Amino acid sequence: MKFARLILVFSVFVMGTVSAADAPAISVLTGDALAAAVKGNLDNDLTLQKFNLKVKGKEADVTIEGSVDEGEQMAHAGNVAEQVKGVRYVFNNIVPKN
């Protein structure tokens, strides 16, 4: 039993000493991949999916285009886009009909 505890303590110690260089890299989306992630979130949003908004990406910035019924939907689309990890700035070119 003491041997099993010793192995457990040792394995916890070894696992706890992994350096940052050994950790997997965290990738941040940019450009087209970032635009695709934003588009996916907009299309999955029940309020926005019916508008089929267009999204373009350049580096960490995205541009959303299209039209919605109301200004609140326009603002909501911008908020949804801002929540995607890696988005630095949202150019919200959506036009509300009302």
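Details
- Ordering of 42-49, 55-62 by burial proxy (mean other Cβ atoms within 10 Å per residue, highest first): 55-62, 42-49
- Taking a point 7 Å from the Cα of Asn98 along the Cα-to-Cβ direction, the residues of the stretch 50-86 with backbone N closer than 13 Å to it are 68-74.
- Amide hydrogen neighbours beyond the local backbone of Asp69, cut-off 5 Å, H modeled: Lys97
- Within straight-line cross-link reach of Lys56, aspartates and glutamates at Cα separation under 19 Å, skipping those fewer than 8 residues along the same chain: Asp32, Asp43, Asp45, Glu65, Glu82
- The residues neighbouring Asn98, those whose beta-carbon lies less than 15 Å from its own, together hold a net charge of -2 under the Lys/Arg +1, Asp/Glu -1 convention.
Every number in this text was worked out from the coordinates using simple rules, so none of it is lab data. Note that the structure is predicted; figures quoted are calculated from it, not measured. Cβ: placed from backbone, ideal geometry, glycine included. Neighbour counts: every protein chain shown.
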